[in-house]
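Throughout, read-outs are computed from the coordinates displayed, never taken from laboratory work. In this text, all values refer to a predicted model and were calculated from it rather than measured experimentally. Positions of Cβ are backbone-derived with ideal geometry, glycine not excepted, and every protein chain shown enters the neighbour counts.
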Amino acid sequence: MTIIGARPQIIKAAALNRAIRTKFSDRLTEVLVHTGQHYDHGMSDVFFEEMGIPQPNHQLGIGSGTHGKQTGKMLEEIERVLELEKPDALIIYGDTNSTLAGALAASKIHIPVIHIEAGLRSFNKRMPEEVNRITADHASTLLFSPTKSGLRNLEKEGFLLLNDAKKKGKANMDNPYVFHCGDLMYDNTLFYSTKADEHESFFSKHGIDKENFILSTIHRPQNTDDIQVLSGILTALNEISLADSIKIVLPLHPRTANMIAKSNDAAIRELSKNPLFKIIEPVGFLEMILLEKHAKLVMTDSGGVQKEAFFMKKPCVILRPETEWTEIVESGCAVLVGSHPTKIREGYAYFKQNQDLKFPSIFGDGAAAEFICESIIEHLN
């Protein structure tokens, strides 16, 4: 059984679902459960349609709420479906409340948990995602890390790497197996990159010069829930746009849209005076790949978009003070700037001056989904 709830999880699940359907259908059957954490068409349904994922077997319809309220409802509903379906294992992705609820529900009734994107750490436990991912890892039986730094993080927390764990016997929650598998999102980017080109009419529809724009996304609570912080980020983006006559394309997350709609902030009102500042509705996966493919630069607080920018060999200004994807910063292809306007402008200026970037092979060979399926079959039978 697979738990999904947010946009990035749907995208990652597409890669695994495709592998199961095309290469492992005689050995694996997947039951898909959508918690409803992202529940509107632009953040959820469109991805099922574009990526050819079967509709969920169970739609829990939890919706938004405080962390406790949302996670509590998910925990109750996931447990109910687990008892109904009786799966051999539960797959969870990443670090959302859906991830945490799935890990807790399954582990407490002794169903093995498989955590994909295990081992990632921001080392900032004020982030709810950090608490979620650490808890999920320590409740899991099979842990799949997309990067070598993820393996090192798990080893520091007391996990045995695969060969040592195998010496202690069969995989279970007290003897978890840890794997380096590569990244499912890289699998998908390779698979869908050409298909995304079929959507090039998107640029003319929105009046975007596909060779001269910056792509930005902003959605994390620390950047959107305080209007002064959000205003500072948007002001910096606006100033960059005006200074270099370059369009800013901002697909707007519903949380960010709500904050802007109810704000009387003068700096946010200034955005409407800049014809180069293009706010659009959330886009589908293929349109996002298209935007990343043609952008001159990406500025984001999204972990997934950071990686997708790297896959597309585009520099990335990360609108956070830390990242789980430390390798892309270490490679020199991304910089951490947080939310301060001056730092954001400095990050942009850095890549304006440094354009000869090298993008090393960090995220595997595009076959992570097949490796995960084979490992599940081998170690959970």
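Worth a mention:
- Lysine pair count for region 1-145 with Cα-Cα distance under 26 Å and sequence separation of 8 or more or different chains is 15.
- Neighbourhood charge, 11 Å Cβ-Cβ cut-off, centred on residue 252 and excluding it, Lys, Arg +1 and Asp, Glu -1: +1
- Rounded Å value of the spacing that divides the Cα centres of region 294-308 and region 65-89: 32 Å
- Relative contact order of region 88-172, defined on C-alpha pairs under 8 angstrom at six or more residues apart (%): 29 percent
- Net charge of neighbours whose Cβ lies under 14 Å from the Cβ of residue 220, counting Lys and Arg as +1 and Asp and Glu as -1: -4
- Most mobile of 141, 194, 22 in a GNM of the chain (Cα contacts under 10 Å): 22
- Net lengthening on full extension, residue 340/residue 355 (0.36 nm per residue, minus Cα-Cα): 3.1 nm
- Length gained on full extension, residue 88 to residue 244, computed as 0.36 nm times the residue gap minus the Cα-Cα distance: 50.6 nm.
- Gained length - residue 126 relative to residue 205, 0.36 nm times residue gap less alpha-carbon distance: 24.4 nm
- Exposure proxy shown here: for 104, 242, the number of other Cβ atoms within 10 Å sets the order, fewest to most, as 242, 104.
- Counting every C-alpha pair in the chain, the share spaced more than 26 angstrom apart comes to 51%.
- Of 202, 144, 311, the one that fluctuates the most in a GNM where the chain has Cα springs shorter than 10 Å: 202
- Formal net charge of residues neighbouring residue 349 (Cβ-Cβ distance under 12 Å; K, R +1; D, E -1): 0
- Residues 149, 241, 98, 201, sorted so that the one with the fewest Cβ neighbours within 10 Å comes first: 201, 149, 241, 98
- For the chain, the longest principal axis of the C-alpha atoms and the axis of helix 184-196 are separated by about 50°.
- Rounded, prolate or oblate (a/c below 1.5 giving rounded, otherwise prolate when a/b exceeds b/c) for region 75-192 by Cα gyration tensor: rounded
- Prolate/oblate/rounded call for region 197-353, Cα gyration tensor, a/c under 1.5 rounded: rounded
- Cα-based Rg / Dmax (Å) for region 295-369: 12.0, 41
- Theoretical FRET efficiency, 1/(1+(r/R0)^6), r = Cβ-Cβ of residue 191 and residue 148, R0 22 Å, to 0.05: 0.40
- Taking a point 7 Å out from the Cα of residue 266 in the direction of its Cβ, the residues of region 214-229 whose backbone N falls within less than 16 Å of it are 228.
- Calculated FRET value between residue 377 and residue 322, using beta carbons and R₀ = 35 Å, to 0.05: 0.45
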